[in-house]
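One structure below.
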Amino acid sequence: MSKAARVITNDPENEEIRLTISGRVEKFASIQPRRVNLRGAVDEEITRTVSIVPETEDGFKIIKVTALEGSEIAYDLKSVEVSGKSAYELTITNKKDVPGRYYERLVLLTDQSDHEPLTVIVTGHIYAAEASPI
């Protein structure tokens, strides 16, 4: 991809210079799904799994997972292999035992200090066992 920009100078012979910058952005990781919705009744076990596959040549290691709040969910990260490549499965389980909604953000820190942490968004909608979902 390339992007053109104008550079304006005070040089009368070169008042405007067209500058083109191009580069290739490589995908760091495939995360499926990036958003998790934990929806169900209070008495149900509600669990979802997220697949995280490094896409860089050298791969990476996830060294820490933290939650924004952490009180409504439990999470567990384990190493797996996907198509011969090291990958991760992040299992997220609802802990909320009363009806209501919540929002959570999980931050996954990798051993690649030059890359932003990965994030997974979690929303929850827990309803009473006798109530029907909206």
Quick one: is Lys95 basic (Lys, Arg) and surrounded by 12 or more Cβ atoms within 10 Å (Cβ to Cβ)? yes
Which residues, taken from the stretch 1-58, are within 30 Å of Asp76 (Cβ to Cβ) and of a type in the set (A, V, I, L, M)? Ala29, Ile31, Val36, Leu38, Ala41, Val42, Ile46, Val50, Ile52, Val53
Just need a number here: residues in the stretch 14-73 that are polar (S, T, N, Q), under 19 Å from Gly84 (Cβ atoms) and surrounded by 13 or more Cβ atoms within 10 Å (Cβ to Cβ). 3
Tell me, yes or no, whether the stretch 62-74 has at least one residue that is over 17 Å from Val120 (Cα atoms) and polar (S, T, N, Q). no
The stretch 67-90: number of residues that are farther than 20 Å from Lys27 by Cα, in a strand (DSSP E or B) and acidic (Asp, Glu): 1
In the stretch 11-66, residues that are polar (S, T, N, Q), assigned to a loop (DSSP other than H, G, I, E, B) and under 16 Å from Pro117 (Cα atoms) total 1
What is the number of the single condition among (1) farther than 18 Å from Gln32 by Cα; (2) among the basic types (Lys, Arg); (3) without any contact (Cβ under 8 Å) to a residue 24 or more places away in the chain that Lys95 does not meet? (3)
Condition first: polar (S, T, N, Q), under 22 Å from the mean Cα position of the chain (by Cα) and not in a strand (DSSP E or B). Now tell me which residues in the stretch 91-134 satisfy that. Gln112, Ser113
Note on the stretch 29-68: residues among the charged types (D, E, K, R) and over 16 Å from the mean Cα position of the chain (by Cα) are Arg39, Asp43, Glu44, Glu45, Glu57, Asp58
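Just so you know, all these numbers are worked out from the coordinates, no wet-lab data involved. Fair warning: this is a prediction, and the values are worked out from it, not measured in the lab. In this analysis, Cβ positions are derived from the backbone assuming ideal geometry, glycine residues included, and neighbour counts consider all displayed protein chains.
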